[in-house]
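Worksheet: the structure to be examined is printed underneath.
We did not get these values from a lab; they are worked out from the coordinates using the rules stated. Since the model is a prediction, treat every value here as computed from it, not as a measurement. Counting neighbours? That spans all protein chains shown, and the Cβs are built from the backbone with ideal geometry, glycine included.
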Amino acid sequence: MIRPAGATLAALAFVALVGCGTSESTGPVAPPDRSPVASQLTAAPPSEPAPPTYLELRGADGATYLSTSLHPDPVVRDADAVLNPVDERPAWWGESGLPGSAETVVIAGHNYSQSAAPFRALRVVQAGDLALLATPAGTHTYRVESVGPVAKGALLSDNALRAQVPGRLVLANCDVRDGRPTDDNYLVVAQAVVD
């Protein structure tokens, strides 16, 4: 139930399945929320495309509710065409575009039902929120257009949906609903804010 569907889905078809690896069980995990956290980013206009290093999510009120470093190595599809980040940190999909390029940027991360990971916060992202993506060349700002679950593998079946969209950012994880894993990926789709 991605909202709105039309153009948003066109940018997402290349997103492979996000692997839902196992993690040590720490018992029930509190549901994600939008509690404020300290921001680690400062405004620095980007000068050129570069790999992302840090991500923050902010509400329309400007309050930061997710602040996390990205894994320093890009994630790539494994032999089963699954994106499976090596640890809890989200990672830039190395086959997607660089922030500031004419291609869609994809960041994939884990979400578990029995332990916490930064991308569990995707479930509380709302249209209109901001995503800030830092690179060594500066910080890119994106406004969230849509959020929602998509069946794993559904985006790989139609080649017409593989179009690249300049300024597009996609955040993807394994969907966990009511404390249970689902057969979906949860996607946040955002577009670069032009100053």
Amide H contacts under 5 Å for L70, restricted to residues at least 5 apart in sequence or on another chain and with H modeled in the peptide plane, are Y54, L55
Label the stretch 71-195 by shape, choosing from rounded, prolate and oblate, from the square roots a ≥ b ≥ c of the eigenvalues of the Cα gyration tensor; if a/c is under 1.5 it is rounded, and otherwise prolate applies when a/b is larger than b/c, oblate when it is not. rounded
Karplus ³J(HN,Hα) for the stretch 164-178 (6.51 cos²θ - 1.76 cosθ + 1.60, θ = phi - 60°; Hz, whole; x = Gly/Pro) runs 7, 10, x, x, 8, 10, 10, 10, 9, 8, 7, 6, 10, 10, 6
Packing rank of 70-83, 128-141, where each peptide gets the mean count of other beta carbons within 10 Å, highest leading: 128-141, 70-83
Output ³J(HN,Hα) for the stretch 79-87: one whole-Hz value per residue in order, computed from phi by the Karplus curve 6.51 cos²θ - 1.76 cosθ + 1.60 with θ = phi - 60°, and x for Gly and Pro. 4, 9, 6, 9, 7, 9, x, 6, 8
Quick one: which residues, 5+ away or cross-chain, put their amide H under 5 Å from the amide H of L187? H built at 1.01 Å from N. G148, V150
Within the under-12-Å Cβ sphere about D175, not counting D175, Lys/Arg +1 and Asp/Glu -1 give a net charge of +2
Amide H proximity to V37 below 5 Å, modelled H, separation 5+ or other chain, gives T64, Y65
